[in-house]
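Participant: First the structure, then my questions, so here it is.
The values are calculated or read from the model by the stated rules, or taken from the named source; none is laboratory data. Predicted, not measured: the structure shown is a model, and the values here were computed from it. Neighbour counts are summed over all protein chains in view; Cβ atoms, including those assigned to glycine, are modelled from backbone coordinates with ideal geometry.
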Amino acid sequence: MKVSPEIYKDDQKLVLLAQKDRNAFGLLYEKYFERIYLFVYKRVQDEAKAGDICQEAMLKAMFNIKKYENRGAPFSAWLYRIASNEVNLFFRKSKKMVSVEIQEKDLKDIMSEISLQKIDDQDQQERLIAALNTLKPEHSEIIDLRFFMRYSFKQIAEFYNITEANAKMRVYRILERLKKGWKTK
């Protein structure tokens, strides 16, 4: 299918094409597969599993493209939500824990955000990792998006289809829980 470069830039036009002709979904697939794959890989840390999960997410998106409605959020938010659901399904089925590669800088950012002293202290960083491991999966996902994947509040809002203010509120409530848990230890 030959499409002009201008249409390729406009997701809504590509979605409309794909809703009329499922073969046109290939254009969306080409545009987003790598980003979705990296998102999934960051969560599962296994290339083969990430490829399988990403493929499944893209298939679900293709088969459900006619149900997609533009509600003001970018089309990519819909794809990320499907991919996130597939990752969660994978972990439920395999009864595995989500693992996230944590950089020291990311830990320091969280420690700074919750006003912890001694952010260079290895023991404090290990305590933070332990505290992060106790978060509910949905809270862990928000922290992962914000601090490890470097999503802006606007991107988090689009991901969850909520307002930017609500995204900020969720992040800061989770950080507040971490801070309170820190003080009780």
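Participant: Where in segment 61-136 are the helices (runs of 4 or more DSSP H), entirely inside, with at least 2 residues that are modelled with pLDDT of 75 or more, more than 15 Å from the chain's Cα centre (by Cα) and among the aliphatic types (A, V, I, L, M)?
Facilitator: Where helices (runs of 4 or more DSSP H) fall fully within segment 61-136 and carry at least 2 residues being modelled with pLDDT of 75 or more, more than 15 Å from the chain's Cα centre (by Cα) and among the aliphatic types (A, V, I, L, M), they are 122-133.
Participant: May I pose another question? Return only the number of the condition from (1) closer than 26 Å to Glu69 by Cβ; (2) surrounded by 20 or more Cβ atoms within 10 Å (Cβ to Cβ) that Arg146 does not satisfy.
Facilitator: Just one mismatch for Arg146, condition (1).
Participant: Out of the residues in segment 149-177 that are without any contact (Cβ under 8 Å) to a residue 24 or more places away in the chain, assigned to a loop (DSSP other than H, G, I, E, B) and not aliphatic (A, V, I, L, M), state the one that is surrounded by the most Cβ atoms within 10 Å (Cβ to Cβ).
Facilitator: So the residue we want is Tyr151.
Participant: I would also like to ask the following. Suppose we filter segment 43-64 for residues that are surrounded by fewer than 21 Cβ atoms within 10 Å (Cβ to Cβ) and not aromatic (Phe, Trp, Tyr); how many remain?
Facilitator: Residues in segment 43-64 being surrounded by fewer than 21 Cβ atoms within 10 Å (Cβ to Cβ) and not aromatic (Phe, Trp, Tyr): 13 in total.
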